[in-house]
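Written below as structure tokens is the structure these notes are about.
The values are calculated or read from the model by the stated rules, or taken from the named source; none is laboratory data. Worth saying up front: this structure is predicted, and the values here are computed from it rather than measured. Here the Cβ is made from the backbone with ideal geometry for all residues, glycine too, and neighbour counts use every protein chain on show.
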Amino acid sequence: MHEGSITTQIVESISREATRRKAKKVTEVKLTIGELTFLNPEQVKFWYEVLTKDTIMAGSKLIVEEGKGKVRCLKCSYEGSFKYIEDTVLYTPMPTLQCPKCNSSVEIIGGKDCVIRSIKMII
């Protein structure tokens, strides 16, 4: 359910920017959602539609792109995608904090963010 609170923050940020620029209408918003935010893009779209109803953002197109997770190995310097394990409880692959090459610990260097990439407005 954290999609509702995150989307509320996104809508508030867009509204502030639209007000600052004296926009008459917001027509399109592009977001990048990192895979490690565990935000469901369809839920974000649902909440966006609910929260923008009766605002200058009503009817605007929301484009959501996935930002891939990326790790760096502290031992072998590997940089890239995660090693995944199959989680039989959640029925989905889950990223681990182990290097896909040497199984050492890794640090997360990408995929934890949610970014408003662009806002199209009618001024």
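Of note:
- Test for ILE85: is it loosely packed, with under 15 Cβ neighbours inside 10 Å, outside any helix (DSSP H, G or I), free of Cβ contacts under 8 Å to residues at least 60 places away in the same chain and under 19 Å from the mean Cα position of the chain (by Cα): no
- Number of positions in segment 88-107 that are within 17 Å of THR37 (Cβ to Cβ), modelled with pLDDT of 70 or more and in a loop (DSSP other than H, G, I, E, B): 1
- Checking VAL50, VAL26 one by one, the residue that is more than 30 Å from VAL71 (Cβ to Cβ) and touching a Lys or Arg at 6+ places or on another chain (Cβ under 9 Å) is VAL26 and no other.
- In this structure, LEU62 does not satisfy being outside any helix (DSSP H, G or I), modelled with pLDDT under 95 and closer than 29 Å to PRO95 by Cβ.
- Residue selected from segment 1-49 under the condition out of contact with any Leu (no Cβ under 9 Å at 6 or more places or on another chain) and aromatic (Phe, Trp, Tyr), by the criterion surrounded by the most Cβ atoms within 10 Å (Cβ to Cβ): TRP47
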